[in-house]
Amino acid sequence: MATDAFGRRIDYLRISVTDRCNLRCVYCMPPDGVPWKTHENMLSFEEIERFAAIAAGEGISKIRLTGGEPLVRLGVVDHVRRLRETTSIEAIALTTNATLLPKYAAELADAGLRRINISLDTLDPEVYARVTRGGKLADVLAGIDVAFEAGMHPVKLNVVVVRSLAQDLIGFAGMTFDRPLHVRFIEYMPVGEVGEHSCTGAEADGWTIEDHVPSDEILTRLAAEGAAAGLGELAPVPRDDAPGGWGPARYYRFPGAQGTLGVISPLSHHFCGECNRLRLTADGKLRTCLFSDEEIDVLDVLRGGSDEDVRAVIIGALAAKPESHNQRLGTLRRMSQIGG
Ligand code: SAM
Ligand code: SF4
């Protein structure tokens, strides 16, 4: 079991397998994308698998593949299979925009992937096209369907709440009734370059720090709008009954719903004291905190070093993990490069 300098158990590794994406969400990527790394500057799947095997020996038991969009990297299905077969990692999950799930869901399930998080911020096709700069809502809805058809579990929907988007929270709540879909409302985070008025960079569709909505407000709105819509009383879900998670979501449910509604509040109720994770970027840097720009190189060590050298880097990263993000605004890299 690995613990950091503050006694936190670190057992979860988020791996960004690519910084490329087939969408251009305004809060995550500039319109033309970020300058892409060449293949030599990116970890190969073999290098990631070697790192994962060594990290497993140091207490990492859960891995989430993310990006960029992980499904745009060719070979990712076989990568999942090899991670399962060649490492002692207990569980592998994927975070995706779901647009390529109709193509890959069955293969991913066959490779052993069960846990899936799908990102969707609006149920309005025009707003979706605007926020993602060209995405089609129908593709994501089809992706959710095929995830269930492929037997994935749990299927979670990540909704970043942005005040000026005026999202239909009750529309999302309605999606939890017929299927065990777990919708999580996530506070919009100031990641990426921060200008004078801008929350995540000048291109972010005019969004500002005012667009951050604290999770308590999200819950109050959900309860009031749900009651007004006749959905009944929003009740907390006991911890034992909550959809298995590796993060700090708090879950609720409307009566009769198969799925749940969660909130994740990285800013308003920061959960640094329970932080259980490290992040590995696609270009082979370990990040010890989403909001810290201090990165520890792994790529060169994986290319020139022994397993013992790699292990030493992991131990060093655990020792360097900061106690909290201290409400820091902005990071040098964007979310698509860090992996969310
Ligand atoms: N492309 C995949 C996807 O969209 O699910 C995986 C990578 S994406 C960077 C991971 C998650 O980060 C998505 O759910 C996205 O909505 C979220 N995200 C990106 N920028 C964010 C921000 N500034 N605040 C909060 N969440 C953000
Ligand atoms: Fe791509 Fe995901 Fe970022 Fe949107 S949030 S641009 S889908 S990486």
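Please name whichever of Ala111, Pro125, Leu299 sits farthest to the positive end of the charge dipole of the chain, dipole taken about the Cα centre and charges placed at Cβ: Lys and Arg +1, Asp and Glu -1.
Ala111
Between segment 253-299 and segment 121-145, what's the alpha-carbon centroid distance in Å?
Between the Cα centre of segment 253-299 and that of segment 121-145, the gap is 24 Å.
If you take every DSSP beta bridge fully contained in segment 12-338, what fraction is antiparallel? Give it as a percent rounded to 5.
Among the beta bridges of segment 12-338, antiparallel pairing accounts for roughly 25 percent.
In whole angstrom, and with the biggest value first, how far do the Cα coordinates of the chain range along each principal axis?
Between the extreme Cα coordinates on each principal axis of the chain lie 61, 47, 40 Å.
Where only protein heavy atoms count, and the probe is 1.4 Å, what is the accessible area per residue for the chain in Å²?
Dividing the accessible area of the chain by its residue count gives 41 Å².
Using +1 at the Cβ of each Lys and Arg and -1 at the Cβ of each Asp and Glu in the chain, identify which of Ile218, Ala91, Ile314 lies farthest towards the dipole's positive end.
Checked the options; the winner is Ala91.
When the distances between all Cα atoms of segment 1-150 are binned every 5 Å from zero, what whole-number percent does each bin get?
2, 9, 17, 19, 18, 15, 11, 6, 2, 0
Treating the beta-carbon of each Lys and Arg as +1 and of each Asp and Glu as -1, no other charges, what is the dipole magnitude of the chain about its Cα centre, to the nearest 20 debye?
Around 420 debye, computed over the chain.
Using heavy-atom solvent-accessible surface (probe 1.4 Å) with all chains present, what is the largest-first order of Asp240, Asp124?
Asp240, Asp124
The values are calculated or read from the model by the stated rules, or taken from the named source; none is laboratory data. What you see is a predicted model; the values in this text were computed from it and never measured. We place every Cβ from the backbone using ideal geometry, glycine too, and count neighbours over all the protein chains shown. Remember, those area values only see protein heavy atoms, side chains included, never the ligands or the DNA or RNA. Shrake-Rupley method; radii C 1.70, N 1.55, O 1.52, S 1.80 Å.
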